[in-house]
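Structure, as structure tokens:
The values are calculated or read from the model by the stated rules, or taken from the named source; none is laboratory data. Just so it is clear, the structure is predicted and the values come from calculations on it, not from any experiment. All Cβ positions, glycine included, derive from the backbone under ideal geometry; neighbour counts span all protein chains shown. Only protein heavy atoms, including side chains, enter the accessible area calculation; ligands, DNA and RNA are left aside. Shrake-Rupley method; radii C 1.70, N 1.55, O 1.52, S 1.80 Å.
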Amino acid sequence: MTNFDNEALRAKYNPEGSQLRRDQMELLRMLRVVTDICDAHGIQWWLSSGTLLGAARHEGFIPWDDDLDIVLLKKDCRRLERLLERLDNEEYVYHSMRTDVDYVNTFGKFRRREGRITTTNPTTKRRCDYYKWGGIGFDIFAIEKTNYFAARAAAVIYNNLQHTTSYIRRGWLRKPLIRLVQGLCFGIVNPILRLVGLINPRKEYHYTLGTGWARHTFFIEDALPLTTARFEGMELPVPRDVDAYLTNVYGDWRKLPTDEQIRKCIHCKEYIEEIYGKDDK
């Protein structure tokens, strides 16, 4: 049960015709492209993070959310990545560290080729300025069996090392250093941390090493077999026990954040100006 007016939230944050609402609907169309590929090849995926929260609490996008997240087991994600990297599509592209050296995230993003997202986060903006593609897109995460310490340590090491490369403007120097960091982390650090991750009495799963968000803990018995939930008029796959995952990550997930907290969650300049006005600081 919810104690808020969902229609009022939509009217405030993502009314029909707004840029945010149009982009949310575009993300949904993009998801259909990926889900058709998954269905054709027997690849299992489900909604995760804020998208799963939106499905459980709003039966669709969180009204102020400009993202969409899906998750797969690591072996399934590798299959999907290979298919998406070979996808010949004029509108969309799979953006990953294999398709763009300057994209350093360990998770991939299925995005529009055209356009350029304007973020208010200076570090993210600096990195995005180097990207081959900058259109809207959604995140495709893989999870692997490991413990919290390994997931956290791998992310801290990788992200801190890669952070320094974002300040290097000259590509001839920046790109080799990006690959050097990846070689060090994926070839040396992560294999060691995977051994540490074997100490895993709770049989936890986390996003693949180096991704971050280590507090997002997955348990296979809570996720599988999958069920479905209503999302923007569609029935999409979700974990068997949605409440267990959302409570673990968000606590009292049924409670809405304050308007100030919502404002901090919105990182795209265009959406902030649309919701709060161009004079908002």
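The figures follow:
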item	result
Rounded to 5, the percent of DSSP beta bridges in the chain classed as antiparallel	75 percent
Sequence of 92, 148 from largest to smallest accessible area, 1.4 Å probe	148, 92
Rounded to whole Hz, the Karplus (6.51, -1.76, 1.60) HN-Hα couplings of region 220-234, x for glycine and proline	4, 5, 7, 8, 10, x, 5, 10, 10, 9, 6, 9, 6, x, 10
Of all accessible heavy-atom area on region 62-155, the percent that carbon and sulfur account for (1.4 Å)	47 percent
Under 24 Å from the Cα of residue 269 - lysines, other chains or at least 8 residues apart	12, 109, 125, 132, 278, 281
Residues whose placed amide H lies under 5 Å from that of residue 214, excluding near-sequence neighbours	none
Cα centre as origin, Lys/Arg/Asp/Glu Cβ charges: the chain dipole, Debye	1380 debye
Environment charge of residue 49, counting only residues whose C-beta is closer than 10 Å and scoring Lys/Arg +1, Asp/Glu -1	-4
Shape metrics for region 6-73, restricted to C-alpha atoms - Rg then Dmax, Å	13.0, 40
Environment charge of residue 163, counting only residues whose C-beta is closer than 12 Å and scoring Lys/Arg +1, Asp/Glu -1	+2
Largest to smallest principal axis extent of the C-alpha atoms in region 140-281, angstrom	50, 45, 26
³J(HN,Hα), Karplus 6.51/-1.76/1.60, whole Hz, each residue of region 115-126, x for Gly, Pro	x, 8, 5, 9, 9, 8, 7, x, 5, 5, 4, 4
Highest-fluctuation residue, 141, 61, 149 considered, GNM on the chain with Cα pairs under 10 Å	149
Calculated Rg and Dmax of region 104-221 using C-alpha coordinates, Å	15.6, 48
Relative counts (whole %) of C-alpha pair distances in region 77-140, using bins that are 10 Å wide	22, 58, 18, 2
Amide H within-cut-off set for residue 228, under 5 Å, with H built and near neighbours excluded	238
Spatial extent of region 202-267: Rg and Dmax, with the Cα atoms as the point set, Å	14.2, 37
Spatial separation of Cα centroids for region 1-70 and region 145-198, in angstrom	31 Å
Heavy-atom surface of the chain, accessible at 1.4 Å and reported per residue (Å²)	50 Å²
Under-5 Å amide H pairs with residue 119, H placed in peptide plane, nonlocal only	269
Taking all pairs of distinct alpha-carbon atoms in the chain, Kirkwood radius in angstrom	19.8 Å
